[in-house]
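Okay, structure first, notes after.
Every read-out reported here was derived from the displayed coordinates using simple, explicitly stated rules and does not represent laboratory data. These numbers were taken from a predicted model, which means no experiment stands behind them. Here Cβ is always computed from backbone atoms with ideal geometry, including for glycine, and neighbour counts include all displayed protein chains.
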Amino acid sequence: QVQLVESGGGLVQSGGSLRLSCAASGSIFSINGMGWYRQAPGKERELVATIGVSTITNYADSVKGRFTISRDNAKNMVYLQMSSLKPEDTAVYYCAARRLGSSWSGTNNYWGQGTQVTVSS
């Protein structure tokens with residue numbers, strides 16, 4: 001099992017910045033990718049950004065150029081630096097870890113409890 005704990009959410013004005021952190025613990029050897037997803041009220045959960053063990057990154061078009069995902073393997077941490085935030089970025093942000101042999105759409109990946117990000121206009 002892998003445990004994921006997010007931190008860093010909060011309330012910020014439009015145009016501001018926030019940095020989310022995710023601490024992973026447990027069977028780290030069983031995962032090969034980390035990422036961030038978000039879910040806004042009344043909407044489905046959507047991918048924000050992912051990073052593989054080779055640090056190859058992938059971003060949703062809506063956040064490209066504004067968000068940066070990074071990881072510190074020594075500390076088992078993954079971060080999401082969010083800049084130029086917009087009200088439409090308001091959502092619960094979830095840290096995710098992809099199991100070895102699984103895809104991001106798989107049902108057996110690991111998830112954190114989520115952290116609220118609210119961007120006021």
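What aspartates and glutamates could a cross-link reach from K43, if we take a straight Cα to Cα line under 18 Å and drop same-chain neighbours fewer than 8 places away?
The reachable aspartates and glutamates, counting only those whose Cα sits under 18 Å from K43, are D61, E88, D89.
Place a label point 7 angstrom from the Cα of Q39 along the Cα-to-Cβ direction, then list the residues of region 78-92 whose backbone nitrogen is under 15 Å away.
Counting backbone N atoms under 15 Å from the label point, the list is 91-92.
Can you give the charge dipole size of the chain about its Cα centre, rounded to the nearest 20 debye, using +1 on the beta carbon of Lys and Arg and -1 on the beta carbon of Asp and Glu?
140
Over all directions, what mean area does the Cα convex hull of the chain project, stated in square nanometres? Each step should come with its number before you reach the end.
Details: hull surface 27.7 nm².
That works out to 6.9 nm², a quarter of the Cα hull's surface.
Out of the DSSP beta bridges found with both residues in the chain, what percent are antiparallel (nearest 5)? Don't skip to the answer; put the middle values down first.
Values: 40 of 44 bridges.
For the chain, the DSSP antiparallel bridge percentage is about 90.
Ranked highest first by average number of other Cβ atoms within 10 Å, how do 36-42, 23-29 line up? Intermediate values should be presented prior to the final figure.
On the way: 36-42: 15.9, 23-29: 13.4.
Listed from highest to lowest mean packing, they are 36-42, 23-29.
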